[in-house]
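> Have a look at the structure that comes next, please.
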Amino acid sequence: MRTRVELSSGLLLRQWAASDAAAVLAAFADPLMRGQSSEPVDSPDIAERWIADRLAQWAAGSAFAFAVVDGTDVSAGGNGTVLGQVSVGAVDRRHSVGWVSYWTTGSARGRGIASEACRALADWAFQDAGLFRLELGHRLNNPASCGVARAAGFAVEGRQRQKLEYDGTRYDVELHARLATDPEP
């Protein structure tokens, strides 16, 4: 299974590295990132543990998380500037299904990075991880996330009523899916 995927745009998907802890901590300091992790990522130790958890899940085959980085930084000998994450988790080998999630840093939003990375992740999941169906969901009040899903070739399949709760408010979630047999977006 490839641990790096180079995109023609210069972006690179790569496994998270321990040296990314400062970038992870900075990303989760953004108020828009609240709720993107099961616990607040608000210290260097927790950021390091967050990365270690992603690597352990990869090793176990239960989830595959990629840092989305500026590949030009990597070609210059660095690790790349972290622009976000794409992952496929909750992998069900029996049915060849996985759950896709994504986020971008504040400076990367609105540039098509999440859509491009999500398309590449889907191709990787079908080819390298052997999955057939990928699912994702977003709150109905998040049209930007819906745009990412659609641009990455994920078709709308329905609504899950009041699935998520943040600060005592329940939110409907729109469910999207992409199949290995779907046409390329």
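Here, each number is a calculation from the coordinates, and none is a lab measurement. All values reported here derive from a predicted model rather than from experimental measurement. FYI the Cβ positions are ideal-geometry reconstructions off the backbone, even for glycines, and counts take in every protein chain you see.
> In debye, nearest 20, what is the charge dipole magnitude of the range 1-142 about its Cα centre with +1 on Lys and Arg Cβ and -1 on Asp and Glu Cβ, if you could check?
400 debye
> Can you work out the Karplus-derived ³J(HN,Hα) for every residue in the range 99-105? Use 6.51 cos²θ - 1.76 cosθ + 1.60 with θ = phi - 60°, whole Hz, and x for glycine or proline.
Couplings: 10, 8, 9, 7, 7, 10, 6 Hz.
> Along the charge dipole of the range 4-179, Cβ charges K/R +1 and D/E -1, which of HIS138, GLY158, ALA117 sits furthest on the positive end?
GLY158
> Run through the range 7-76 and list the trypsin sites (Lys or Arg not before Pro) located in a DSSP loop whose Cβ has at most 14 other Cβ atoms within 10 Å.
Counting only loop positions with at most 14 other Cβ atoms within 10 Å, the trypsin sites (Lys or Arg not before Pro) in the range 7-76 are ARG34.
> Hey, in the GNM for the chain with a 10 angstrom Cα cutoff, which one of THR104, THR72, THR169 fluctuates hardest?
Among THR104, THR72, THR169, the largest GNM mean-square fluctuation belongs to THR169.
> Using θ = phi - 60° and the Karplus form 6.51 cos²θ - 1.76 cosθ + 1.60, what ³J(HN,Hα) does each residue of the range 2-11 get, whole Hz, x for Gly and Pro?
3J(HN,Hα) across the range 2-11, in whole Hz: 5, 9, 9, 10, 8, 9, 4, 6, x, 6.
> A further question on this structure: Please find, in a Gaussian network model of the chain (springs between Cα atoms separated by less than 10 Å), the residue of LEU11, LEU32, LEU131 whose mean-square fluctuation is greatest.
Of the options given, LEU32 has the highest mean-square fluctuation.
> Report the net charge of residues surrounding GLY110, where surrounding means a beta-carbon distance below 15 angstrom and charges are Lys +1, Arg +1, Asp -1, Glu -1. Can you show the working numbers first?
Details: positive: ARG109, ARG111; negative: ASP30, GLU116.
Summing Lys/Arg as +1 and Asp/Glu as -1 gives 0.
> In what sequence do VAL156, VAL88, VAL173, VAL68 fall when counting other Cβ within 10 Å, fewest first?
Ascending Cβ contact count within 10 Å gives the list VAL156, VAL173, VAL88, VAL68.
> Here is a further query. Residue by residue through the range 54-68, what is 3J(HN,Hα) from phi via Karplus (6.51 cos²θ - 1.76 cosθ + 1.60, θ = phi - 60°)? Round to whole Hz and write x for glycine and proline.
Working through the residues one at a time gives 4, 5, 5, 4, 4, 4, 7, x, 9, 6, 9, 10, 10, 6, 9 Hz.
> Over the chain, with a Gaussian network built from C-alpha contacts below 10 Å, which listed residue (GLU174, GLU157, GLU135) shows the highest mean-square fluctuation?
Largest GNM mean-square fluctuation: GLU157.
> Just want the ordering: ILE46, ILE113, from fewest to most Cβ atoms lying within 10 Å of their own Cβ.
ILE46, ILE113
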